[in-house]
Structures are given as C-alpha cells and as structure tokens.
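Take a look at the structure below.
The values are calculated or read from the model by the stated rules, or taken from the named source; none is laboratory data. A quick note: this is a predicted structure, and the numbers were derived from the prediction, not measured. Using ideal geometry, Cβ is built from the backbone for each residue, glycine included, and neighbour counts are taken over all protein chains shown.
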Amino acid sequence: MTGPEPSTGTIPVGPMLSMYDPIHVGSDEFGQAFYIRLIYKNLLAAGEPGGGKSGLLNTVAAHAALSADSRLVLFDAKDVELGMWDEVADEFVGPDIGRAIITLLRLQKVMENRYAWLRAHRRRKIEPADGLSVITSIFDEIAVFSTVLGTEQEQRQFVALLRDLVARGRAAAMPVVAATQRPSVDIIPKSLRDLFGYRAACRCTSTGSSDIILGDGWSGAGYSATDISPVNPGEALLIAEGGIPQRVKAAYLSDADIRALAGYAAWTRRNQRLTTAPGAAIAVA
Amino acid sequence: MPSSNRGFSGRGNGTITVIEEPVMRSYRRRAKVVFYVTWVITAVLAATVAASRWHPIIALLAGIICGYILGAAAGVIVAAWPVIRAIWWWTPETLITGSLVYGWIELADHTTLPVRLAATAAIVGIPAAIKPVRARIHQVTWCLVTRHRIRTCFSEFIITNRTGSLPLILWARPTPVGERVWIWLRPGLCLDDLLDRLDKIAVACWATAALADAASASNAAFVRLDIKRRDVLTGTITSPLLDMIKSGTPASQRDTAEIPTALDLPQVAASEVTPIRPTPLKRPDHSKAPASASPPAPAAADGSDITDWI
C-alpha cells in the first residue's frame, strides 16, 4: 500500500503517541477529560444496541492507530464498525470465523514467543524500553463469533483462544478490547469476563444486564446502567480494577473523523505493514 | 444562652446566638483540660531546661509562668474554636463586604459623586458585560452559597457525635457541573454518613445530585463533596486526537475489491445461499454415544475445562 507524495510540501509525521500513554476515552461526569491506561489491562464494553460501544472502540482504535509503538488487529463481525481502520491494522477480520481462529492462533503464537523472549531476558513483562510493539486486538460483536458464525466446535475454539489472549496477553503487551451487547454466560463465560480490568456498561434495559457487565451488586449500590438516558449514546459506567464505577461519556468520532484519522495513520504507517503470508505455518486445531 | 441551632441565629430579643450553650460548655470543659495539661507539661519541660542555666527555684518559677502563658493560649484557642470556625466560614463574605465598604469610603473621601457613580458603574457593568467574567463571578458565588448550605446540612441532619461539633468546611472551587467542596470531618462522622444522605444534601444545596468521595488515600477525615447542578454528559465529546493530525494527508491507494450489487432481497436468490442446520448447544450425552465418537472438547491454554462456557 503506497500513496502519492504529499502535494503540500510537508510530510505527515506521527503524533508521538504511545500505547503506554493514558488513552483519552471521553469525559467524566465532572466535565474533566477521562483517560485509561490500557497497557497491561483489557477493556470490555457492553450494553444495548446503539449504546455507544462501537464509539468507545473507535476511540481506542484511533489512539492505537496513531501510536508509534502499536499494531492493531481488528475483529469486526459487522464489518463496518472498525472497517475504516483496515488499512492501519495488521489484520482485519470480518464475519469469518475461520479467519478469526487463524488470526487468534497467530496471536497466540506471537504471545508465546514474547513470553519466551521475556524468559530469556529474565523478565516478567514487556516494558516501553524494550522497543516491542503493543499489539492491541479489538473485537466488536463477540457474540456473533461465539454463538452465530461457524460450527459449535469453531465457536468453542474461538472462545478458548480469546480467553487465552485475554488471560495471558497483558504482560506480553497484547491488550484486548472487546464489545458485545450482553456478556451473559452464553456469550462470554464469567471466568473470561472477570479477566477484563476495565468494564464499561453502556445503556442497559435491566439492572441484571448492568450487573452482568459491571459485577454483582453494583446496581444495589446505586450504579446501574439502566439510569443512562437512551437518547445519550456513548454514556457509560466504567469500572476499573478494584474501583468504583464512574460515569463517563465516550468521545464521538464521525465517519469523516475516522477517515481522516485512519488516513493519517495509514500514511505514517505505510512502511510498517506485514509482508509475510498470514497463517502459513499455523495449523488449525 | 439558649438557641435553636448551632450557627448564627436571631432570637427575637435583640441578642444573637453564635454558638449554642451545650456546645460552648463542651468546649469550655475541653479548654480547661487543655489548659492544665499544657501548663503542667510546659512548666516541667521549661523548668528542666532553665535549671541548666539558672537557680532551680528561679527555673521552676519561670517554668510555671511559661506554662501558664502557653496553657492559657492553648485553652483560649480550644474554647474559642467554635467562634474561630464560624469566622472561617464567613471569611470570604467578610473580606468581600469589608473591601467594598472600605473602597466606597475611600472613594467618597477622595472623589466627587460623578466619579463615584462612574466607578460603581464600571465595577458592576464590566463584569456584567463580559460573559467569562460574569460566569466566573456566578460560579464563585455559588461556591460561597454551597459552603453555607453544606454547613446547614451538617447542622440539621448529619451531626452524630455527642458534643455536636461541626466539621470544618475547608474550601470550595467551581467545576463544570457545579462545585467541589473539601471537608475535614470530626470524630463521630465518616464518609458513609455523607453517602447515606446525598439526596438530602442535594436538596439542601438546591442541586440535582451530590457525590461524596475520599479526598485523601491516607486520611479518612479528609473528604470531598461534589455538588452537581448541570449534566455535562449530554453534549458531544470531541477527541483531542483530531488536533494531532494535519489536513491534506495524501490518501492511500486502497485495494479495490468488487463492490456487491445485490443490495435488496429480490436480488438474492434462494439458490445462492446454503442453508445451515443449527447446531444444538448442548453438552455431549456420554450415556448415549461412545466417548471415542464425540469430538474432543477444546481446552484452554492453561488446561482448564471450558465445556461449561457455552
């Protein structure tokens, strides 16, 4: 993928962002900018359709795309929510369970290689000074992969590989950002859901759904995503590890904004694309 | 000196109760204890130090006098603490009012009436005409109001300790949604006492909601109250990333894939799709099928069983 030289006489340069930096996701309820540190953590966003999950995912994708030390792997069962970032991503997986599994197996192999590298260097986690890229995997509509596409065996394998990536990817600088509508046990097992350090509950129709996302008992303590206005997409209750849910609103990126960001990121990354044949040496289990 | 509450109040007979009698009694008793303890300790320490240079009897007398002075000072501070606290509560208003009165008197002594009127018009008119200044004054005014409303909350329905001592309401500053107030709690109060009464606090402060949180990770007495009067989450939040990119970036050449044309149902024939028999999501029935015939269940990377996940 190459493009013409800039006609303006200036060459776009990367904005010097890093995935180790705090990521701006929006505003908190006091009007202050709200940031999360995604490195060494994972983010799960859930809520009813139109609640703003994809907006949150696009915000994270934008930061990852503009970060110099970052690589993106995108899984989008709807094809369009993250589709505009396909030029930036090392791999963009649409509604194709077979390709999703292949890509997850590749990520698993990378993760194991990174752990072997860490062990060889007698270390426990990837640090910024290591010079390794942060591989951010973003999944939109997990439920389609885990319950709709493919055979039952493929769905189980997808969930098993996703669980492995979520569980072990943190220290290897391979965070996961995922979105689904209702992370009930038929979509994501509870053991997997609890591995997500950040959980964002967008608008829900019942306190039970809110508790499924945030954790048991939060609605009883006054933190229920049912209180979020249905006409205010993007607002969510976001809980961090060991913290209290905070009311935030995700930044909104229009299609034009995403095209501009993705185009800029694609230009600055034009020499970083993968050249190897994906999945050539990986056997599907 | 009976009174109806713990703050300033008129009694209708020409007197004003600043601190109610039970609270004053409690502080007087505490002040006496502080006075004697400080006196004795200071006297002993001062006499010990002075004895190294002076005659022991003179050193003892000097220690007693020194202890008396320090004990009295400490006792007076303790006894006057409710008054000091009230002065602290009203310090901004006192300073503002004093400044205005003093300024007006100085202006009257040195200028003519037209100049005074012009100065008054400028002081009032300029902030009223400039929106940011007006908004800032509005916010600061609400901060002053909120401090007094929170004091009223503590006085009316939050106090739980035996002596009825009020917390120290430290300072307030505007936030985009209202005001944020820092409070130093006294023994007998805790953050939960505030969390249980947030609805009442919001009503007392004429706000939409109130939030309480710890202001210090190491001291539970230091808490923070957020008074919300506006909701800022209804607007559109823009991403700062848009400011980091420059327009005019050359567009990359996309791989041109074939664009589908069958975009309505009549354009997709039934013969073009392959029906998929839905797979029941059930556990394999080991009693009916041999174990060797069933597909092996995938295992997670850490080896744990995942058969109960889906």
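Does segment A:225-241 hold any residues that are surrounded by 15 or more Cβ atoms within 10 Å (Cβ to Cβ) and either assigned to a loop (DSSP other than H, G, I, E, B) or touching a Cys at 6+ places or on another chain (Cβ under 9 Å) (or both), and which are they?
Listed by number, the residues that qualify are A:ALA225, A:THR226, A:ILE228, A:ASN232, A:PRO233, A:GLY234, A:GLU235, A:ALA236, A:LEU237, A:ALA240.
For segment B:116-125, check the following and say yes or no: at least one residue is surrounded by 12 or more Cβ atoms within 10 Å (Cβ to Cβ), within 28 Å of B:ARG173 (Cα to Cα) and basic (Lys, Arg).
For segment B:116-125, residues surrounded by 12 or more Cβ atoms within 10 Å (Cβ to Cβ), within 28 Å of B:ARG173 (Cα to Cα) and basic (Lys, Arg): absent.
A quick yes/no check of all residues on (1) of a type in the set (Gly, Ala, Ser); (2) crowded, with 19+ Cβ neighbours inside 10 Å; (3) in contact (Cβ under 8 Å) with a residue 12 or more places away in the chain; (4) within 26 Å of B:THR234 (Cα to Cα):
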| position | (1), (2), (3), (4) |
| --- | --- |
| A:ILE142 | no, yes, yes, no |
| A:GLU152 | no, no, no, no |
| A:ARG156 | no, yes, no, no |
| A:ALA171 | yes, no, yes, no |
| A:ARG199 | no, yes, yes, yes |
| A:ILE212 | no, yes, yes, yes |
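May I ask you to say which residue of A:GLY50, A:GLY9, A:GLY3 is more than 10 Å from every other protein chain (Cβ to nearest Cβ) and modelled with pLDDT under 85?
Within the list A:GLY50, A:GLY9, A:GLY3, the selection yields A:GLY50.
Filter segment A:196-224 down to the residues that are closer than 25 Å to A:PRO175 by Cα, modelled with pLDDT under 85 and outside any helix (DSSP H, G or I) and list them by number.
A:GLY215, A:ASP216 - these are the residues of segment A:196-224 that are closer than 25 Å to A:PRO175 by Cα, modelled with pLDDT under 85 and outside any helix (DSSP H, G or I).
Among the numbered conditions (1) within 22 Å of A:ALA64 (Cα to Cα); (2) touching a residue at least 12 places away in the same chain (Cβ under 8 Å); (3) surrounded by fewer than 22 Cβ atoms within 10 Å (Cβ to Cβ), tell me where A:ASP96 comes up short.
Just one mismatch for A:ASP96, condition (1).
Got at least one residue in segment B:151-159 being small (Gly, Ala, Ser) and in contact (Cβ under 8 Å) with a residue 60 or more places away in the chain?
Looking through segment B:151-159, at least one residue is small (Gly, Ala, Ser) and in contact (Cβ under 8 Å) with a residue 60 or more places away in the chain.
Can you confirm whether segment A:60-71 contains a residue that is crowded, with 23+ Cβ neighbours inside 10 Å and away from chain B (no Cβ under 14 Å)?
Scanning segment A:60-71 turns up at least one residue that is crowded, with 23+ Cβ neighbours inside 10 Å and away from chain B (no Cβ under 14 Å).
Here is a check on your reading of the model: is B:SER165 in a loop (DSSP other than H, G, I, E, B) and in contact (Cβ under 8 Å) with a residue 12 or more places away in the chain?
yes
Scan segment A:12-23 for residues that are outside any loop (DSSP other than H, G, I, E, B) and at pLDDT 90 or above and jot them down.
The one that is outside any loop (DSSP other than H, G, I, E, B) and at pLDDT 90 or above: A:ILE23.
Select from segment A:257-271 the residues that are in a helix (DSSP H, G or I) and more than 7 Å from chain B (Cβ to nearest Cβ) and write down the one among them that is surrounded by the fewest Cβ atoms within 10 Å (Cβ to Cβ).
A:ARG259
Just wondering, is there one or more residues in segment B:288-300 that are in a loop (DSSP other than H, G, I, E, B), exposed (fewer than 15 other Cβ atoms within 10 Å of the Cβ), modelled with pLDDT of 85 or more and more than 8 Å from chain A (Cβ to nearest Cβ)?
no
Being within 12 Å of chain B (Cβ to nearest Cβ), in contact with a strand residue (DSSP E or B) (Cβ under 6 Å, 6 or more places away or on another chain) and part of a loop (DSSP other than H, G, I, E, B): is that true of A:ILE244 here?
For A:ILE244, the condition - within 12 Å of chain B (Cβ to nearest Cβ), in contact with a strand residue (DSSP E or B) (Cβ under 6 Å, 6 or more places away or on another chain) and part of a loop (DSSP other than H, G, I, E, B) - is not met.
Which ones in segment A:132-165 are over 18 Å from A:ARG99 (Cβ atoms) and touching a strand residue (DSSP E or B) at 6+ places or on another chain (Cβ under 7 Å)?
Selection gives A:SER133, A:VAL134, A:THR136.
With the requirement that a residue be more than 30 Å from A:GLY52 (Cβ to Cβ) and in contact with a helix residue (DSSP H, G or I) (Cβ under 8 Å, 6 or more places away or on another chain), what does segment A:124-149 give you?
Within segment A:124-149, A:ARG124, A:LYS125, A:ILE126, A:LEU132 meet the criteria.
Can you list the strands (runs of 3 or more DSSP E) lying wholly within segment A:53-161 that have 3 or more residues being closer than 30 Å to A:ASP28 by Cβ?
A:70-76, A:134-140
Quick one: which residue in B:LEU168, B:LEU95, B:LEU107, B:LEU144 is touching a Lys or Arg at 6+ places or on another chain (Cβ under 9 Å) and either of a type in the set (Lys, Arg) or under 24 Å from B:ALA80 (Cα atoms) (or both)?
After applying the criteria, what remains is B:LEU168.
Provide a single number: the residues in segment A:64-81 that are more than 17 Å from A:MET19 (Cβ to Cβ) and not β-branched (Val, Ile, Thr).
Residues that pass the stated criteria total 6.
Take segment B:142-189 and flag every residue that is of a type in the set (Lys, Arg), surrounded by fewer than 15 Cβ atoms within 10 Å (Cβ to Cβ) and at pLDDT below 90.
B:ARG162, the sole residue that qualifies.
For segment A:166-178, state whether one or more residues are in contact with a strand residue (DSSP E or B) (Cβ under 9 Å, 6 or more places away or on another chain) and within 29 Å of B:LEU211 (Cβ to Cβ).
Yes, segment A:166-178 contains a residue that is in contact with a strand residue (DSSP E or B) (Cβ under 9 Å, 6 or more places away or on another chain) and within 29 Å of B:LEU211 (Cβ to Cβ).
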